[in-house]
1. Mind listing whichever residues of the range 118-166 are of a type in the set (Asp, Glu) and at pLDDT 90 or above?
2. Only residues that are aliphatic (A, V, I, L, M), surrounded by fewer than 20 Cβ atoms within 10 Å (Cβ to Cβ) and either touching a residue at least 12 places away in the same chain (Cβ under 8 Å) or not in a helix (DSSP H, G or I) (or both): list them for the range 26-44, please.
3. Any chance you could count how many residues in the range 121-149 are loosely packed, with under 10 Cβ neighbours inside 10 Å and of a type in the set (A, V, I, L, M, F, W, C)?
4. Please give the strands (runs of 3 or more DSSP E) falling wholly within the range 66-150 in which 2 or more residues are without any contact (Cβ under 8 Å) to a residue 60 or more places away in the chain.
Amino acid sequence: MRDRLGLDATDIRILSAVQKHGQLSKTKLAELVNLSATPCWARLTRLRAAGYIRGYHADIVLDAVMDTTRVIVTVSLARHRKPDFERFEDYILRRDEIINCVSTGGGSDYVMTVVTTSMAEFQDLMETMLKADLLIERYMTYFATRLVKAEQPNLAKLVTRARQRS
């Protein structure tokens, strides 16, 4: 069975394997997916070329490396026109301290996760954003005391649930 994106169960297994384990050898990926190496690698190459895989990343335990300040910030813009959103989002994409930003509906326009080396550095970032004429009407901050969970969704379970509903 193929889903609306044209992915079959084997494609989902391949994507799930690289999501969980990152870059794998041809042999190891084939073993995890239960497919011979050459067709498995060809499928992975096709999935990469089609844009299903954005990249490979190591999950670093940041707290083991250094002390950081993690802040969740909600942002509301003064105006809601497409150029205003584009300007704000372009700015966000250029800031390394902002590790996650989601556009939302409802009370706030964006929810961001910011990681800095100190509270002072976070405050400098916010002052810089306010001076950048991004039309920020208001923002609220929530200081994280510890990271409880930070994972990618379980792709195989999501696909299974979606298929059960269709």
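1. The answer is GLU121, ASP124, GLU127, ASP133, GLU137.
2. Scanning the range 26-44 gives LEU32, LEU35.
3. Result for the range 121-149: 1.
4. Numbers: elements: 69-77, 98-103, 110-116, 136-143.
Per the criteria, 98-103, 110-116.
The values are calculated or read from the model by the stated rules, or taken from the named source; none is laboratory data. This is a predicted model, so every value here is computed, not measured. Here Cβ is always computed from backbone atoms with ideal geometry, including for glycine, and neighbour counts include all displayed protein chains.
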